[in-house]
1. Report yes if B:Ala49 is under 18 Å from B:Asn125 (Cβ atoms) and under 22 Å from the mean Cα position of the chain (by Cα), otherwise no.
2. If you take the residues of region B:88-98 that are buried (at least 16 other Cβ atoms within 10 Å of the Cβ) and either of a type in the set (Val, Ile, Thr) or part of a loop (DSSP other than H, G, I, E, B) (or both), which of them is modelled with the lowest pLDDT?
3. Here are A:Arg45, A:Arg75, A:Arg93, A:Arg39: which of them is under 13 Å from the mean Cα position of the chain (by Cα), under 25 Å from B:Asp28 (Cα atoms) and either touching a residue at least 12 places away in the same chain (Cβ under 8 Å) or within 11 Å of chain B (Cβ to nearest Cβ) (or both)?
4. Output the residues belonging to region B:115-136 that are in contact with a Lys or Arg (Cβ under 8 Å, 6 or more places away or on another chain) and either surrounded by 16 or more Cβ atoms within 10 Å (Cβ to Cβ) or over 29 Å from B:Tyr17 (Cβ atoms) (or both).
5. Taking the criterion of being more than 10 Å from chain B (Cβ to nearest Cβ), open to solvent by less than 60 Å² (accessible area, probe 1.4 Å), of a type in the set (A, V, I, L, M) and in contact (Cβ under 8 Å) with a residue 12 or more places away in the chain, would at least one residue in region A:3-24 satisfy it?
6. Just give me the residues in region A:48-71 being part of a strand (DSSP E or B) and more than 12 Å from chain B (Cβ to nearest Cβ), in sequence order.
7. Looking at region A:30-43, can you tell me whether even one residue there is in contact with a strand residue (DSSP E or B) (Cβ under 8 Å, 6 or more places away or on another chain), more than 26 Å from B:Ile89 (Cα to Cα) and open to solvent by less than 50 Å² (accessible area, probe 1.4 Å)?
Amino acid sequence: MFQRVVVSGHSMEPTLRSGQKLLVLKNANPRIGDIVVVRDRTGERKVVKRIAKVRGGHYFIKGDAGTYKERAVKREDIVGKVLFSYSPLKRIR
Amino acid sequence: MRVMQKIAQALRPDVVYAHCDIPCGIYDPHHAQMAAHTIIRMHQLIEEAKGKMGQSPTPDERARFVHQMARCTATKEEHAELLKKEVRILWGDYFKPEHVQQYPDLHELAWKILRRASKVRQEINMPEAEGLLEDVNRLAEIFWKTKGATPVRTKASYPTGKEIVVPKA
C-alpha cells in the first residue's frame, strides 16, 4: 500500500531535495501535477518526477528544476504517487 | 547483530533518482564555463558604466547608471548560482572515486570554485572573477581527461576576451 523512498539528485529542486524521505501511495491513480515514482526504462531503478501532461494513454513526466526534457511513460511503469515528505516533515505540492 | 543489520536493511527506504533520466550519463562543464564568462562580462560592463558616469551626472544619467548596475548585478547573481549548480552536479554526480585518485586536487578545486562563486556574488572583484574562470577551466580540463578526450585552451568567442577549455576535435 505504502512505500518509503529517499530522493537522490537535483532534477526536482526546489520541490524535492536530495536526501529527502517521502511516503508513496502505491497503485494510486496519477493525475496531472502529481509527483510520482516511476520505474526507469531498464526497470531496475526508480525515478521521481512530476506528471506534466497525459496524451494518448501516456503520462509525460518532467523534473521541476526545468533543466530536463519531458519523457513519456506508461501507466504500468508508475509505481505510486508521493503523498508527503516525512523527513523533513512537510506537504509536497 | 546480523539480525539487526537485516532488519535495518529491510527498513531502509528505496532510492528514487531525481536526475534527468536514469542514468543519462550526459554531463558537460560547458554551462559552468559560460557562466564564469558571463560573470566576467558583467564585471566589465559594470566598469564601463562607472566610466561613463561623469563627475556630476544628470538625473537621467544617474538613473541609467543605476538601472545598468541593477541589471548587471542581477545577471551576475543568476550566473554565479547557475555555475555553482553545474559544478555541484559534476562534483556530486559525475566524478567518481577513481577520478579523485587520479586528480587528488579535485575535491579542493570543486570546493574552491563554490566558495569563489559566492565571493563574486558578494563583491565587484575582477581578479576573483578571473580566478573563478581559471578554476572552472581547470575543472573542465580534468573532466575531459576523464572522458578520454584531450582538452585544449582556446580564446572563447565571447566578448570577455578570455579562454575556454574544449575537447580537441
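1. Considered against the rule, which asks whether it is under 18 Å from B:Asn125 (Cβ atoms) and under 22 Å from the mean Cα position of the chain (by Cα), B:Ala49 comes out as no.
2. This residue is B:Ile89.
3. A:Arg45
4. The answer is B:Ala117, B:Val120, B:Arg121, B:Asn125, B:Glu128, B:Glu130, B:Gly131, B:Leu132, B:Leu133, B:Asp135.
5. Looking through region A:3-24, none of the residues is more than 10 Å from chain B (Cβ to nearest Cβ), open to solvent by less than 60 Å² (accessible area, probe 1.4 Å), of a type in the set (A, V, I, L, M) and in contact (Cβ under 8 Å) with a residue 12 or more places away in the chain.
6. A:Ile51, A:Ala52, A:Lys53, A:Val54, A:Arg55, A:His58, A:Tyr59, A:Phe60
7. For region A:30-43, residues in contact with a strand residue (DSSP E or B) (Cβ under 8 Å, 6 or more places away or on another chain), more than 26 Å from B:Ile89 (Cα to Cα) and open to solvent by less than 50 Å² (accessible area, probe 1.4 Å): present.
Matching residues to (1) in contact with a Lys or Arg (Cβ under 6 Å, 6 or more places away or on another chain); (2) more than 20 Å from B:Thr160 (Cα to Cα); (3) open to solvent by 60 Å² or more (accessible area, probe 1.4 Å); (4) assigned to a helix (DSSP H, G or I):
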| residue | (1), (2), (3), (4) |
| --- | --- |
| B:Asp60 | no, yes, yes, yes |
| B:Phe65 | no, yes, no, yes |
| B:Met69 | no, no, no, yes |
| B:Glu81 | no, no, yes, yes |
| B:Glu86 | no, yes, no, yes |
| B:Val100 | no, yes, no, yes |
| B:Ala110 | no, yes, no, yes |
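The values are calculated or read from the model by the stated rules, or taken from the named source; none is laboratory data. Everything numeric in this text was worked out from a predicted model, so none of it was measured. All Cβ positions, even for glycine, are placed from backbone atoms using ideal geometry, and neighbour counts span all protein chains on display. Please note that ligands, DNA and RNA were not included when accessible areas were found on the heavy atoms of the full protein model with its side chains. Shrake-Rupley method; radii C 1.70, N 1.55, O 1.52, S 1.80 Å.
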